[in-house]
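A quick write-up on the structure given underneath.
Each reported figure results from applying straightforward, stated rules to the coordinates on display, with no laboratory input. Note that the structure is a prediction, hence the values are computed from the model and not measured. Backbone-built Cβ (ideal geometry, glycine too); neighbour counts: all protein chains shown.
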């Protein structure tokens with residue numbers, strides 16, 4: 001009888017108690033220009049820096065990783081070394097495997113990829129093509145993502161804007177914004193990663209952070225002070241005296257940025273893993 005009364009009292013207290021606050025898991029996003037494997041790089045060829053590059057990704061374990069300048073052999077190496085990731089996207093020259101990829105790598109344990117694809121930054125985005133004054137074909141790779149732990153949904157997009165064409169960079173940024181505005185699904189949080197070949201305040205970055213989507217530069221809104229140097233293009237110099245900031249993680253307001261860093265790492269002998277430093281942002285999907 002006493003036990004019955006005690007259980008009833010516990011039940012009554014439980015009914016009146018406020019529900020426990022649900023913990024919102026953080027989300028790590030990373031962008032990294034791999035530097036394509038090219039013979040003219042000599043001692044900086046991919047074979048000499050592959051283990052360092054892959055080791056950095058394995059250590060940081062981003063849930064969403066945007067890669068630029070990936071060629072087929074590098075993609076195969078990454079897939080073998082990082083089997084927990086789904087590598088999304090096609091190559092820019094033929095829509096299959098020729099030329100550079102701008103892959104999204106998605107942690108399979110964290111996300112279900114609901115749909116994904118690639119479009120070209122040009123006047124004919126559905127087919128391999130070069131737009132405006134671009135020196136090369138340029139692409140954007142996207143994925144609609146469902147987080148298994150809590151059902152939160154994200155629209156991730158990764159790109160590499162042209163290195164020469166000023167018009168192409170601006171028009172490519174506009175095309176990305178239009179595409180995201182049209183294809184974003186209700187309830188999705190937008191994340192954009194990429195090498196924009198554009199510094200803060202430039203027209204392409206202004207376009208990407210315009211009032212259309214209200215995307216924010218993660219470095220500008222991080223709650224904690226940024227870690228590492230401001231610049232992201234190192235040009236193979238471990239401690240560069242001048243380094244433009246051209247690589248970005250952009251997030252919408254509902255995603256709070258807890259931490260932001262540029263990882264200026266190098267291995268023995270001063271070798272860097274790429275001619276760009278990786279950018280990492282830790283996000284709180286419930287804290288915007």
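Some notes on this structure:
- Neighbour counts of other Cβ atoms within 10 Å put 182, 152 in the fewest-to-most order 182, 152.
- Once the Cα atoms are used to define both axes, helix 46-60 deviates from the longest principal axis of the chain by about 20 degrees.
- Degrees separating the helix 72-81 axis from the principal Cα axis of the chain, which is the longest one: 30
- Potential lengthening between residue 230 and residue 58 on full extension [0.36 nm per residue; Cα-Cα distance subtracted]: 59.6 nm
- Its relative contact order, with pairs defined as Cα atoms under 8 Å and 6+ residues apart, puts the chain at 18 percent.
- Label sites at residue 286 and residue 241, each approximated as a point 7 angstrom past Cα along Cα to Cβ, lie 4.9 nm apart.
- Legend: ranking of residues 136, 248 from fewest to most surrounding C-beta atoms inside 10 Å; resulting order 136, 248.
- Taking the longest Cα principal axis of the chain as reference, the axis of helix 166-183 is set at about 30 degrees.
- Separation in nanometres of the label points that stand 7 Å from Cα toward Cβ, at residue 23 and residue 38: 4.6
- Separation between Cα centres of region 115-168 and region 171-248, rounded to whole Å: 14
- Stretching the chain fully between residue 94 and residue 72 yields a gain of 6.7 nm (0.36 nm per residue, less the alpha carbon separation).
- Using the empirical formula 2.2 N^0.38 Å as the baseline, the Cα radius of gyration of region 28-275 reaches a ratio of 0.94.
- Extended-chain gain in nm, criterion 0.36 nm per residue less alpha-carbon gap, residue 220 and residue 123: 31.7 nm
- Going from the fewest other Cβ atoms within 10 Å to the most, the residues 102, 116, 274, 97 appear in the order 97, 116, 274, 102.
- Largest GNM mean-square fluctuation across 72, 143, 181, computed for the chain with C-alpha springs under 10 Å, falls on 181.
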